[in-house]
Structures are given as C-alpha cells and as structure tokens.
Amino acid sequence: MAERAWVKNLKPGAELDEMYVVRTRELRRRRGGGNYLAVTFGDRTGDVVSLAWEHAESLAKECEPGKVVRIGGHVQQYQGRTQVVFRRAEAVESADIDPALFVRSSLVDADVLWSRMQEYIGAMEDADLRQLLFRIFSDPDIEARFRVSPAAKTMHHAFRSGLLEHTVSAAGAALVLAEHYRLHKDMVLAGVLLHDLGKIWELETENSIEYSDDGRLIGHLALEALYVDRVISDLENFPNEHRRQLLHILLSHHGEYAYGSPRRPKTPEAMLVHMVDNLDARLACMFEAIDQDGDSDQAWSGFSRMLERNVYRRRP
C-alpha cells in the first residue's frame with residue numbers, strides 16, 4: 001500500500017491522488033471574469049490552501065465543508081507557501097473513512113491529562129466546590145465528551161482532546177498565580193476547570209470540527225452556566241455566594257463584550273481566570289505558528305489570524 005500523502009509532507013512538484021477533509025470552501029471571481037474555487041483541505045497533520053481554476057462550480061458541489069473527498073492535482077509553491085492546484089474531487093463513502101486520519105489529536109495522552117485534572121480536584125480544600133466538580137466530572141457522559149472535545153474550531157487547541165489539554169495547562173498556571181496574588185485558589189481552580197465546559201456541547205468532531213446547533217444558537221458560555229447552575233441546585237446547602245461568584249467567572253471569562261462576554265470580570269478571581277485563559281490560548285497559537293513549517297529554517301512563521309502577526313520562529 002502506498003504511503004499516505006500527509007499535508008505536512010507535501011512537496012512542490014508532487015502529483016496528488018489522496019483523501020482530505022474539506023475545511024473551507026469559497027467560490028471566487030476571477031479578474032477577467034468567471035469563477036475559481038478556493039478550498040482548504042486538511043488531515044490530522046495540517047491544512048493546505050487549494051485552488052481549482054477550471055470547473056469551479058461542479059467541483060464546489062463535491063467539496064462540502066466537513067466532508068472527505070479524494071482529489072487529484074499537483075503541489076506547487078506560491079509566495080513561499082505550499083499550495084495545491086486540483087483538477088478533480090470525488091466524495092468518499094463514509095464506510096471508507098477513518099476519522100483518525102483527519103482530526104488532529106493532542107500530543108499528550110488523554111489519560112495523563114484526565115488524571116492530572118482529577119488530582120487538582122482531589123486536592124481542593126473547599127468541600128463545596130470539590131463536591132460540585134466531582135459531581136460534574138464523574139458523570140460518564142461529561143467525561144467521555146470532555147476527553148475528546150477540541151477547545152475551538154480553528155483557533156487555539158483546535159484538535160481532539162484540545163479542551164482537556166488547554167484546561168489542564170491553564171489550571172496549572174492559575175494555581176501558581178492565585179497563590180501569588182492571595183486569591184481564593186479553589187474558586188479560581190473551579191472557574192478554570194469549568195470555563196470551557198460548554199465546548200463539549202458547542203463543538204462536534206467527526207472528520208472535522210464543526211459547530212452544533214446549540215453551539216450556534218446558544219454558545220458555550222451560556223451552555224456551561226446553565227448546566228453548572230442546574231447541578232448546583234441539586235446540591236444541598238451549596239453556598240449562594242459561591243454560586244454567584246462561580247457563575248460570574250463563567251459568564252465573564254471572555255473578558256470584553258466585544259469578544260462575546262455577557263459580563264466583564266468584576267472580581268479578582270474572574271479577572272485571573274480570564275487572563276490565564278487568554279494567556280494559554282495565545283501561547284498555544286504562538287507555539288503552533290513556530291511549529292507549522294516543521295523543520296523549515298525560515299525565521300518567520302506564516303500569518304497567525306488569532307495573533308494578527310507573524311511569529312519569529314528562532315528560539316533563544
């Protein structure tokens with residue numbers, strides 16, 4: 001069997017006959033009239049911009065986002081970046097698809113990450129918050145979803161188990177900073193561990209990461225706040241002040257109204273959760289930009305949409 005043509009290994013001049021998942025699709029207008037098709041194809045190793053100059057409309061029908069297609073074409077280099085020009089695309093039957101080929105996964109074993117998160121919960125001194133987190137994360141459905149969910153569709157930790165990796169990483173940083181600033185460490189930890197819980201219902205992962213109907217209509221901040229409040233209501237004598245402050249953290253962790261936050265952080269604990277979430281996400285984007293070209297000796301990364309800049313790749 002021929003070796004798979006992984007995206008990360010594509011070299012200019014190579015001919016392609018391979019299966020990829022369609023990430024994005026856009027019909028564009030040519031300067032001289034007529035349309036061409038711009039598609040982002042991907043597998044678990046990365047994505048590549050691909051163009052079809054002929055038969056754009058018919059190929060667009062085959063290249064539905066989220067679907068796996070077999071394409072034929074060739075690899076070229078344009079302005080220093082790898083690009084594919086394709087001539088054909090055929091939808092692949094679902095029975096012939098291995099989702100593991102197309103959705104990236106965390107490089108850290110999910111069992112290791114889950115165990116670390118359970119250690120954080122077990123070490124909490126606040127019995128009420130510890131009981132709440134235990135109740136939530138001991139639910140088999142929550143655990144199954146949380147272990148595999150991405151943290152985003154296209155931005156930071158946008159891969160299988162990305163949510164778990166991001167949550168555990170942010171929790172480690174938050175605990176150090178909460179102690180430094182003499183904050184309520186268990187409230188901060190509870191906020192971090194729950195701040196993206198709603199992602200397990202907001203995002204769906206098959207051959208690609210897509211928004212669910214609940215994700216599009218409600219969003220993860222509201223989904224998690226509603227769920228956590230419902231669990232709290234089932235606990236006897238859960239402190240109302242704890243409930244108020246924890247829900248505030250969840251509803252304010254995006255920081256600003258412009259970023260979809262219904263509230264801005266108004267407690268030190270909420271501010272810290274917001275800042276740590278943002279820090280972990282942005283550093284993850286930087287590391288991804290640095291690593292995106294593999295062993296390339298280029299000093300600068302490609303443009304990072306989340307960071308709105310190129311990243312200097314050479315490490316001190």
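Quick note: the coordinates plus some simple rules give every number you see, no bench work behind them. From a predicted model like this one, the values you see are computed outputs, not experimental measurements. No Cβ is skipped: glycine too gets one built from the backbone with ideal geometry, and neighbour counts run over all protein chains shown.
Here are the numbers:
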read-out	value
Potential extension, residue 101-residue 206 segment - 0.36 nm per residue separation minus Cα distance	36.7 nm
Assigned charges on the beta-carbon of Lys, Arg, Asp, Glu; segment 7-100 dipole about Cα centre (debye)	580
Net charge contributed by nearby residues that have their C-beta within less than 9 Å of residue 36 (K/R +1, D/E -1)	+2
Tally of Lys pairs whose C-alpha atoms are under 29 Å apart, taken over the chain, 8 or more apart or cross-chain	15
Cβ-derived FRET efficiency at R0 41 Å, residue 256 paired with residue 76, nearest 0.05	0.50
On Cα atoms only, tilt of 162-180 relative to the major axis of the chain in degrees	40
In Å, descending, principal axis extents of the Cα set of the chain	67, 46, 42
Bins of 5 Å from zero: percent of alpha-carbon pairs in segment 19-78	4, 18, 31, 25, 14, 5, 1, 0
Integer Hz, Karplus 6.51/-1.76/1.60 couplings in order for segment 76-87, x for Gly and Pro	9, 10, 9, 6, x, 10, 5, 8, 10, 10, 10, 10
Segment 104-289 - Kirkwood radius from inverse mean 1/r over Cα pairs (Å)	16.3
About the Cα centre, charge dipole magnitude for the chain (Lys/Arg +1, Asp/Glu -1 at Cβ), debye	1360
Estimated FRET transfer efficiency (residue 237, residue 214; beta-carbon r; R0 30 Å; 0.05)	0.45
Burial order of peptide ranges 187-194, 219-226 (average beta-carbon count within 10 Å, highest first)	187-194, 219-226
Cβ-derived FRET efficiency at R0 35 Å, residue 181 paired with residue 4, nearest 0.05	0.10
Neighbourhood net charge (11 Å Cβ-Cβ; Lys/Arg +1, Asp/Glu -1) for residue 124	-3
